[in-house]
1. State in Å² the accessible area per residue of the chain; use a 1.4 Å probe, count heavy atoms of protein chains only, and round to the nearest integer.
2. Return the carbon/sulfur percentage of the accessible area of the chain, one whole number, probe 1.4 Å, all protein chains in place.
3. Grab the other residues whose beta carbon is less than 10 angstrom from that of residue 78, score K and R as +1, D and E as -1, and report the net.
4. What is the angle, in °, between the Cα long axis of helix 6-16 and the longest principal axis of the Cα atoms in the chain? Nearest 10 is fine, range 0 to 90.
5. Please work out how much length the chain gains when fully extended from residue 6 to residue 18, using 0.36 nm per residue of separation minus the C-alpha to C-alpha distance, in nm with one decimal.
6. Quick one: net charge of residue 21's neighbours, Cβ under 11 Å, K/R +1, D/E -1?
7. Which loop-located GluC sites (Glu not before Pro) does the stretch 1-72 contain, where loop means any DSSP state but H, G, I, E or B and the Cβ has at most 11 other Cβ atoms within 10 Å?
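The values are calculated or read from the model by the stated rules, or taken from the named source; none is laboratory data. Quick caveat, the model's predicted, so the values are computed rather than measured. Note: ideal-geometry Cβ built from the backbone for every residue, glycine included; neighbour counts use all protein chains shown. Side chains are part of the model used for accessible areas, which takes the heavy atoms of the whole protein and leaves out ligands, DNA and RNA. Shrake-Rupley method; radii C 1.70, N 1.55, O 1.52, S 1.80 Å.
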Amino acid sequence: MTERTKEEIMKNIDSIIDQYVQPAVASHGGMIKLENFDVETGRVLVMLQGSCSGCSSSTITLKMGVENMLVHYIPEVTAVDGIDDPNYNDPFYP
């Protein structure tokens, strides 16, 4: 089996996020955007935007939802870390 490039893995991650994650978080006014993938550690970095930014439940969403899904579908992924959007801080569902 040949090793995939960082770009191929990131495209795969982005596809999974768009197809499975975005619809769920969008229903609560949130958005999760892929920021980076570290090939050496297998860690994915995502930015939490909209109502996800600063939300106390975002850690649970990241670990139990996004991380479990990405680790399951993409063998190179080992973990997911999130950062809040520095330009948005209104974590309340309208």
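1. So the chain comes to 63 Å² accessible per residue, rounded to a whole number.
2. 54 percent
3. Computed value for this residue: -2.
4. Long axis of 6-16 versus the principal axis of the chain: about 50 degrees.
5. Separation in residues times 0.36 nm, less the Cα-Cα distance, equals 2.5 nm.
6. Value of the local net charge: -2.
7. 3, 40
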